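The values are calculated or read from the model by the stated rules, or taken from the named source; none is laboratory data. What you see is a predicted model; the values in this text were computed from it and never measured. A quick note on method: Cβ atoms are made from the backbone with ideal geometry, for glycine too, and the neighbour counts reach across all protein chains shown.
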Amino acid sequence: MIKTINSWRGIAVIITVILHSTLRLSNLGAMSVTFFFISSAFLLSMKYPFDRLEPRQYGRFFMSHAMRLFPLHWLALALLIVITLLLTDKSINWLSTALNALLLQCWFPQHEFRYGLNPVAWFLAVLIWCYLFYPVVTHWLYRKRLRYKVLVLLVLMAVLAVILLPLDIPGRERVKDCPLSHLADLVAGLTCFDLYQKLKHRCRNVGFYTATALELVAIFSWVPIHLVYRHTTFLIPWDDDLIWIVPMGAILLVSALLNGQEGAIGRVLASPPLQWLGSLTFEMFMLQFVAFKLYNYVLAPFVGHFGINIHDKVVYLVWPLLLVLCWVVNRFFTRPVNRYVKQKFK
């Protein structure tokens, strides 16, 4: 794991949690999701090139990654079921919950089926299908030249742009939740990895100030797009993730190229506190609604708040609960499961 990418993924999840606390953060939520998908494909490319596509290798790859996702997903879903049944008067849609448990909800157009008890599980539903697509896509593109990969990426982005153009917000959400719409993110990650391989020998002796300048350029590459989005209506049909592929790819690529010779920003990102947060990425993402509900129904009355939907007003009070919950789950659940999976599919 490249340390700065690990921290960026942690920051992306923090932004997402704040966004789900109904505090608006402009387009940062869409950028965070885009970065996570692209970085996942990039990091997979470093470890699983799939120059040959053998059924046994394919099966072991998919099963090992699926077994890393499902246990934490099922734990979060079980906690939400218990909280809902014990602490609230709300009923549970068991069909929606079953689809959610199997990560099949992204193929259903109904809003209540796609999100259900744990709304953020749509991300895992897309990610598991990306794991299924990844070996085929990377094998197909493995020996292709960089310009061919760029062409494939541009075609996928153009097709997605045409599909999104006439849709309203619910329609764009349905497209965003469909795994096929994230093939562009997958190819973007593979393209970034190809660029990384071609450029890394040129970045072996980058000075501190040059590295800092490159980090700043990459980080603020999204600003022109944001300004166009804010002051015109031109980019509105594609604000979910499509317009953020290039700037998020730039941040990813610069982070990888400067690995081990970071500038000022990279050194902050490589610090132990941010690395610790990065290590809790999946737990923070999957358990955020568990923390929200526990705070709303259990802790809120003790801090002078009443009612069940006030985490958006005191979001900072949710963070201690969420971080403790994530640390406990990571230490006593995720790590043992990952050790088992690693031994099983060694």
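Could you say whether any residue in the range 134-145 is at pLDDT below 90, closer than 30 Å to I18 by Cβ and touching a Leu at 6+ places or on another chain (Cβ under 7 Å)? Within the range 134-145, none of the residues are at pLDDT below 90, closer than 30 Å to I18 by Cβ and touching a Leu at 6+ places or on another chain (Cβ under 7 Å). Which helices (runs of 4 or more DSSP H) sit wholly inside the range 200-283 and have at least 3 residues that are of a type in the set (S, T, Y)? Correct list: 208-219.
Residue by residue, here is whether (1) at pLDDT 90 or above; (2) in contact with a helix residue (DSSP H, G or I) (Cβ under 6 Å, 6 or more places away or on another chain); (3) surrounded by fewer than 22 Cβ atoms within 10 Å (Cβ to Cβ) holds:
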| position | (1), (2), (3) |
| --- | --- |
| M1 | no, no, yes |
| I11 | yes, no, yes |
| I18 | no, no, yes |
| T22 | no, no, yes |
| G29 | no, yes, yes |
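May I ask you to list the residues in the range 281-292 that are among the aliphatic types (A, V, I, L, M) and either over 10 Å from V13 (Cβ atoms) or surrounded by fewer than 21 Cβ atoms within 10 Å (Cβ to Cβ) (or both)?
Answer for the range 281-292, where residues must be among the aliphatic types (A, V, I, L, M) and either over 10 Å from V13 (Cβ atoms) or surrounded by fewer than 21 Cβ atoms within 10 Å (Cβ to Cβ) (or both): L287, V290, A291.
Scanning for something part of a helix (DSSP H, G or I), without any contact (Cβ under 8 Å) to a residue 60 or more places away in the chain and more than 21 Å from M1 (Cα to Cα), does the range 87-94 turn up at least one residue? Checking the range 87-94: at least one residue is part of a helix (DSSP H, G or I), without any contact (Cβ under 8 Å) to a residue 60 or more places away in the chain and more than 21 Å from M1 (Cα to Cα). Taken as a whole, the range 294-304 holds at least one residue that is of a type in the set (V, I, T), at pLDDT below 95, in contact with a helix residue (DSSP H, G or I) (Cβ under 9 Å, 6 or more places away or on another chain) and closer than 21 Å to A78 by Cα. Applying the criterion of at least 3 residues that are exposed (fewer than 15 other Cβ atoms within 10 Å of the Cβ) and free of Cβ contacts under 8 Å to residues at least 12 places away in the same chain to the helices (runs of 4 or more DSSP H) found wholly in the range 98-167 leaves 146-164.
For the range 276-284, the condition holds for no residue, the condition being that it is acidic (D, E) and more than 18 Å from the chain's Cα centre (by Cα). Against the test of being acidic (D, E) and at pLDDT below 90, the options D177, D185 yield a single qualifying residue, D177. Looking at R52, R60, just one residue is in a helix (DSSP H, G or I) and under 30 Å from R143 (Cα atoms), and that residue is R60. Taking the criterion of being small (G, A, S), surrounded by fewer than 21 Cβ atoms within 10 Å (Cβ to Cβ) and either closer than 17 Å to S39 by Cα or in contact with a His (Cβ under 9 Å, 6 or more places away or on another chain) (or both), the only residue of the range 222-265 that qualifies is A250.
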